[in-house]
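What follows is a single structure, written as structure tokens, with notes after it.
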Amino acid sequence: MSLVTSAETRIPLGKSGLSVAPMGWGMWRLLGGDRMSTRRRVEAALEIGCTLFDTADIYGYGGERGFGGAESLLGEVLREAPQLRERMVLATKAGITPPVPYNSSARYLLDACEASLRRLGVERIDLFQVHRPDLLAHPAEVAQALERLRSAGKIQAAGVSNHTAAQVDALCAYLPFDLASVQNEFSPLVIEPLSDGTLDQAMRRGMAVLAWSPLAQGRLAASPGEASDQSRVAPVIDALDAVAARAGRPRSAVAYAWVMAHPARPIPLVGSQTPDRIREARSAYSVQLTREEWYRILVASRGARMP
């Protein structure tokens, strides 16, 4: 059971006019390294057909380059090899401002977008996302900032990350254009989007779903016994391994395939920063889960039978 057959499949980013491959590459772990190592990672992601490249201004905070570090590294790669930009749908995020912690005021979002453009060395961001909901920012103010950026040609499309379905509805009520995407954590271990309205709303509104940490921040790729919450993780790993053994593919590939099998067509963001592990993700396209296998993994994650 799969809605995705190959890296050549294209999934619309909402109604933005943009479309991307079924898997993307995320840079939240890009805390260090140099231009050469970053380019090797970018080229590995392009090699397996990824077109969506997802970063954020906060990525790098706490690392050697600090706030904006991941965007700066990617910008160095694009300045050295500008032809790579033509193969990407470039996405970034703004709104996390430690130690505040969040700021989605219109002034901040406008300034943050300009800063991201400078670090990335591009004239336009394809998908600009509000990273986390700022509870002190009225959705009308957020919508106004996104509309100004879009009208000025600074961004092509807008999305949100880590927002509830209700928060998405509130923002959409004030936006004069359609929101392109929502990005929440979703994996065989983190299954809340199946029941909290995230995926249902995305299908109803025609938004793309970007799934961050599809391997549950690495817990689903770990060796048995390594996870701190072993009693929670072990049954899911066992269910994934059963499919991996049958399909002859890595467990990580089964986890990506499980995410992509949902009819909302979630796009898992591969988080590995190792070129070989990035390339390994391509094998997810050859995993065909049966309906029974998909539900067996879900039951393992729930820790209870389906009602």
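Inverting the pair-averaged 1/r between distinct Cα atoms of the stretch 219-307 gives 13.5 Å as its Kirkwood hydrodynamic radius.
Put simply, the amide H of residue 24, placed in the peptide plane, has neighbours under 5 Å in 269, 270, leaving out anything fewer than 5 places away on its chain. What is the local net charge at residue 193, summed over the other residues whose Cβ is closer than 10 Å to its Cβ (Lys, Arg +1; Asp, Glu -1)? Combined, the nearby Lys, Arg, Asp and Glu give -4.
Placing unit charges on the Cβ atoms only, positive for Lys and Arg and negative for Asp and Glu, gives the chain a dipole magnitude near 380 debye about its Cα centre.
Length gained on full extension, residue 173 to residue 295, computed as 0.36 nm times the residue gap minus the Cα-Cα distance: 40.4 nm. Sorting 294, 212 by solvent-accessible area of protein heavy atoms yields 212, 294, largest first, with a 1.4 Å probe.
Between residue 223 and residue 276, the simple spin-label model (points 7 angstrom out along Cα→Cβ) gives 1.5 nm. For residue 270, the shell of other residues with beta-carbons less than 13 Å away shows a net charge of +1, using +1 for Lys and Arg and -1 for Asp and Glu. Which percent of the Cα-Cα distances in the stretch 1-136 go past 28 Å? Of all Cα-Cα distances in the stretch 1-136, 18 percent exceed 28 Å.
Taking the Cα of residue 136, stepping 7 Å toward and past its beta carbon, and measuring to each backbone N in the stretch 86-105: which are under 11 Å? Residues 100-105 qualify, since their backbone N sits under 11 Å from the label point.
Among 229, 34, 276, the sequence by solvent-accessible area, most first, with a 1.4 Å probe is 276, 34, 229.
For residue 129, the amide hydrogen comes within under 5 Å of the amide hydrogens of 92, 93, 94, 159, counting only partners 5 or more places away or on other chains and with H modelled in the peptide plane.
Ranking 15, 93, 154 by solvent-accessible area of protein heavy atoms (1.4 Å probe, all protein chains present), from largest to smallest, gives 15, 154, 93. Annotation: amide H of residue 102 within the under-5 Å range of 97, sequence separation 5 or more or interchain, hydrogens built in the peptide plane.
Computed from backbone phi with θ = phi - 60° and the Karplus coefficients 6.51, -1.76 and 1.60, the 3J(HN,Hα) list for the stretch 240-248 is 5, 5, 4, 6, 4, 5, 5, 8, x Hz; x is used for glycine and proline. 3J(HN,Hα) along the stretch 210-215, derived from phi through the Karplus expression 6.51 cos²θ - 1.76 cosθ + 1.60 where θ = phi - 60°, amounts to 9, 9, 8, 6, x, 9 Hz, with x in place of Gly and Pro. Using just its DSSP H runs of length 4 or more, each adding -39500 (n - 2.57), the chain gives a mean residue ellipticity at 222 nm of -11500 deg cm²/dmol after division by all residues. Straightening the chain between residue 196 and residue 288 buys 30.5 nm, computed as 0.36 nm per residue apart minus the Cα-Cα spacing.
Tally up the carbon and sulfur contribution to the accessible surface of the stretch 142-273 as a whole percent, 1.4 Å probe, everything protein left in place. Accessible surface attributable to carbon and sulfur in the stretch 142-273 totals 48 percent. The heavy atoms of residue 295 present about 100 square angstrom of accessible area, all protein chains included, probe 1.4 Å. How high is the relative contact order of the chain, in percent, counting Cα pairs under 8 Å that sit 6 or more residues apart? About 20 percent, as a whole number.
Give me the net charge for the shell around residue 245: Cβ to Cβ below 12 angstrom, other residues only, Lys and Arg +1, Asp and Glu -1. The answer is 0. Note on residue 43 and residue 234: their simple-model spin labels are 4.4 nm apart, each label 7 Å out from Cα toward Cβ. Multiplying the residue separation of residue 242 and residue 203 by 0.36 nm and removing their Cα-Cα distance gives an extension gain of 11.0 nm.
The values are calculated or read from the model by the stated rules, or taken from the named source; none is laboratory data. Note that the structure is a prediction, hence the values are computed from the model and not measured. Please note: Cβ atoms are built from the backbone with ideal geometry, for glycine as well, and neighbour counts cover all protein chains shown. What goes into the accessible areas is simple: the full protein's heavy atoms, side chains included, and nothing from ligands, DNA or RNA. Shrake-Rupley method; radii C 1.70, N 1.55, O 1.52, S 1.80 Å.
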